[in-house]
Amino acid sequence: MTLEDFLAGLIGGNLVILLLAAFIILSVMLGVRIVPQSEKHVVERFGRLRSVLGPGINIIVPFLDKVAHRISVLERQLPNASQDAITADNVLVQVETSVFYRILEPEKTVYRIRDVDGAIATTVAGIVRAEIGKMELDEVQSNRAQLIGTIKSSVADAVDGWGIEVTRAEVLDVNLDQQTRDAMLQQLNAERARRAQVTEAEGKKRAVELHADAELYAAEQAAKARRVTAEAEAYATQVVAQAIAEHGIEAAQYQVALKQVEALTKVGEGQGKQTIIVPAHALDAFTDAFRMLKGRG
């Protein structure tokens, strides 16, 4: 064997080894797939779904399997959309919405829907119109949280077959046309005027009620005073009757005479009383009182 034949054989053997090594390296590169945490890879074999690769290191059959779709599983936000809707009381409103979603089953998203964003936006628009059509304008304004919950639930049911989870649906704004705004402003002003009139009427009514309560209280107090006076007179009568029963008529006459004397004394004590006119029988009252006092002593 000549040197030339030896070198040719050596080169030919090394070439085969090099080709074999290159084939092995290429097979490893094609067969090993590293999937990021934020993605899922859809693998096809001869155009058909083979598997879905999750995050981490995955092994596929090189030259037979290929990664056909790389799908992000991060949460996505659709562009804010605005659509017209008519309420149950025939008011035209413009509703601005925003939807957040994420892909859970990429094989369904890839093979069942072409434009997922457009499909979700169309679905949301139809559901918003349908739900607002069931509500009056006041309900749309006051029950926005309930409306959002209903929209989210309806959208989630509609896109369930696409392997999508609707994480949040928001009604950002409900706008009215200028004519409707003017009518609502007039209604608001009328309601404010009505409330002011009601408040004023209630104030007058309350004033009348308080005045009546005051008069009733005064009447009750006068009645109580008359009752106390009557009770005092009845008590005095009872005392006189008891004195008559215990000491006879003279004791009663003595008490009466003393009262007459006390009354005349108070008349004399008044300011500016220079002259006192005493009835004739008043002198008899003094005489009887002194006589009875002397007799009791």
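The values are calculated or read from the model by the stated rules, or taken from the named source; none is laboratory data. Computed from a prediction, not measured in an experiment: that's the story for all the values here. Positions of Cβ are generated from backbone atoms using ideal geometry, with glycine treated the same way; all protein chains shown enter the neighbour counts.
See the values below:
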item: Any hit, region 101-109, residues being modelled with pLDDT of 90 or more, surrounded by 13 or more Cβ atoms within 10 Å (Cβ to Cβ), touching a Phe, Trp or Tyr at 6+ places or on another chain (Cβ under 6 Å) and in the same structural domain as Leu137 (by TED's automatic domain parsing); result: yes
item: Of all residues in region 123-144 being among the polar types (S, T, N, Q) and more than 20 Å from Glu75 (Cβ to Cβ), the one that is surrounded by the fewest Cβ atoms within 10 Å (Cβ to Cβ); result: Ser142
item: Filtered residues of region 15-53 (kept if assigned to a helix (DSSP H, G or I) and of a type in the set (Val, Ile, Thr)); result: Val16, Ile17, Ile24, Ile25, Val28
item: Flag for Val174 being at pLDDT below 90 and buried (at least 19 other Cβ atoms within 10 Å of the Cβ); result: no
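Condition check ((1) surrounded by 10 or more Cβ atoms within 10 Å (Cβ to Cβ); (2) within 30 Å of Pro79 (Cα to Cα); (3) over 27 Å from the mean Cα position of the chain (by Cα)) across all residues:
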{"site": "Ala158", "(1), (2), (3)": "yes, yes, yes"}
{"site": "Val166", "(1), (2), (3)": "yes, yes, no"}
{"site": "Gln178", "(1), (2), (3)": "no, yes, yes"}
{"site": "Ala196", "(1), (2), (3)": "yes, no, no"}
